[in-house]
Amino acid sequence: MYNIIKKYNFQFSTLSLIAALLFITSCNSTGNHHADEQSQHLFTSDSLWTPTGDSALDSLLQLAATAPQDTNLVKLYDQIGDMYTDNDPEKAKKYYLKMGDLSEQLNWNEGRYLYATGFACLLIREMSTDSALVILQKAIELAKREEDELWIASILVNIGMAYHAKDWHETALSYYMEALPIYERKNNNQKLTLVYSVMSQLYVSLYAPEKAIEYAEKAAALDSENEYALFALSRAYFSAHQFEKAKDYCEKALRICESKNNIYSMASIYYYLSSIAMMTFDLDNAEKYAQQSLEISKPFGSGASCANYVLLSKLELLKGNYSKSEEYAKEGLQMAIEFEALQEQELYYGILSELAIAQRKPREYIQYWAEAELLDKEIATETALLAGEEMNAKYETAKKEFEIERQQQVIAHQNMQRWLLAGGVVVCVVILALLWYLLRLRNRRNYELAEINRTKDKFFNIISHDLKNPAIAQRDTLQTLVKNARTWDADTLADYHIELLKSAEGEVELIYNLLGWAQLQTGRIAYTPQTFLLSDLRPQLSLISKMAEHKDIIFDIQIPENALVTADSNILTTVIRNLLTNAIKFTAAGGTVKLDIVACDDVVRDGRDAINRVSTAPKYTISITDTGIGMSETQLRDLFRLDGAHSQQGTAGEQGSGLGLIVCKELIGKHGSVLHVESEMGKGSRFWFEV
């Protein structure tokens, strides 16, 4: 249940927090003029306008209707657009476009900056992040030419939030970090509060709760009455499973939002309060808050209220009201399909499959389960492609930087030549040495770019070949199953399901390895060491034991009861489980797979020489040994190379891609250790490392 709530909390609450913060960071700062295709929205007078019933807004509209076309009118349009943002985004766009057009007529940079930040915020809220980045990129170039530090910082934060919404967390963090020193130098506590708040949210997305709490507390320390800082602190404590603290800060943020009539943020806070109540099994309050969030969200469209139906459906399921739960789930599913929201569709199909089981409807369960499986694969593929897109963007950035460096080197070389003509023989020797160095540097950079390109090509090849084709085949098989579910007998269906499950298991393993590798490349896996007993890993190996038993393989575990280590338990468990799974995959029936953990001696051997070492803390060697098919020297040489990884079937036809071992090696590297391997064809393999 926590994973379902966590998934939706990120999408629903993060976007509202980012959108609200974007508007505030643009206040009294700067932006960029709108795109060329929008320049057709010429300035028109507001001499005719319709009263809204909001006295403050009507006052601004009346002023704008009679104001001369000067910079004060640009500021009026900015205020009107800001006030329309939460209640009528389309009208907000209209006034931001008027502001951009008039700023262009007046050639006023301040208005261009205001337009860029305000209009980009609306685009980010609609998830049109690429369009927002085009506008913001022009604005940052203008601000840098004008050397306007405050506007540079403001636009940097806006760009960071756009990448944050795209899930490019490492890129977003770099922009936030670039803006922070400017605000710290200017002692701008208001902006620091907002940047700290959104950085806290970024660390929630990166599953780093301690960092999230640290930055949220910095924000709250600067302004204890800031609703966004308090909401960020609530989300940070929620990610750390400290639900009582999360509830307290959420309620404080709600009271401030109510006093300011901040409707958009209230919807997010009520949603979060409902999630917290559900996690503590306070179902009555959970339902009350979910209904309040839904009531506020409905005016903003079905996309804003879609998330609430997950909570309401889950609540009714917990209460045993299956028909009501199904009604909410189907209503939410329709919204998710309408907006092509894959993750939401997967969640709703998951709930519907649970309801089918509870109501003993096997055919509906098979149908919903099949749909959920297809969506899970599609989401995993999309995530991997996004990671590849980010990696490709980094490659292009590195390429541009290299080109700039190359041009600078050419200029430097030309200057050196002129100096050589005037300087004589001694200077000539110096220049020749410099040319040799530059050539070596260029060759090294060319090699690095080629390596990045080869890695990228291999990554896309794995996705297109090993992932796409099996997924399409499984989709066709599932469609056949659904089509013939009523006519085929149980034995035929069972045979199809067993074969489909085997295929799916191999593909899921590939997907997890792809995602793990992509997360490593983009810095999304945080290393959080802690002290724990290695014997605590035993319960995590129960599934491995069953796999070995299923293949009639002897599985031997030797773990000292008092082995205490300092490491990241999640990463260590992932590595050991992956290595054991590999060992079982490539070991035939009747073979043996052994996990052996022993304390290191004061003398450690690398296979050839003895190396004396003084240890400051006890270390342990973790080794996984099998009696499987083993590997050749060629396979060992290419084992940890992405461009050398090849698919290989296990002894029972299991699928593999070779990525798992590459991920294991990099994860072990985070512990300052090295993954070793020795193997011989037909005699098995042994993998080991120290921790």
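Since every read-out is calculated from the coordinates, none of them should be taken as a lab result. These figures come from a predicted structure and were not determined experimentally. Neighbour counts are summed over all protein chains in view; Cβ atoms, including those assigned to glycine, are modelled from backbone coordinates with ideal geometry.
Looking at the range 268-323, the chymotrypsin sites (Phe, Trp or Tyr not before Pro) that sit in a DSSP loop and have at most 12 other Cβ atoms within 10 Å of their own Cβ are Phe281.
A Förster radius of 45 Å, combined with the Cβ-Cβ distance separating Asp638 from Asn72, puts the computed FRET efficiency at roughly 0.05.
A simple rule links phi to the HN-Hα coupling: the Karplus curve 6.51 cos²θ - 1.76 cosθ + 1.60 with θ = phi - 60°, which for the range 97-103 gives 5, 4, 4, x, 4, 5, 4 Hz, with x for Gly and Pro.
Here the range 187-288 is treated as a Stokes sphere of Kirkwood radius computed over C-alpha pairs; at 20 °C and 1.002 mPa s its diffusion coefficient rounds to 160 µm²/s.
Would you check the range 185-250 for Lys pairs whose C-alpha atoms are within less than 24 Å, ignoring same-chain pairs closer than 8 in sequence, and give me the count? Final tally of qualifying lysine pairs is 7. As a proxy for reagent exposure, ranking Met681, Met416 by other Cβ atoms within 10 Å from fewest up yields Met681, Met416.
Note down the net charge around Lys144, summing +1 for each Lys or Arg and -1 for each Asp or Glu among other residues with Cβ under 13 Å from its Cβ.
Here the charged neighbours net out to -4.
Dipole orientation for the range 301-360: of the candidates Asn308, Ala329, Leu318, Leu318 has the Cα lying most toward the positive pole (charges on Cβ; Lys, Arg +1; Asp, Glu -1).
Under 5 Å between amide hydrogens, built in the peptide plane, is the criterion, and for Asp568 it picks out Gln530 among residues at least 5 positions away or on other chains.
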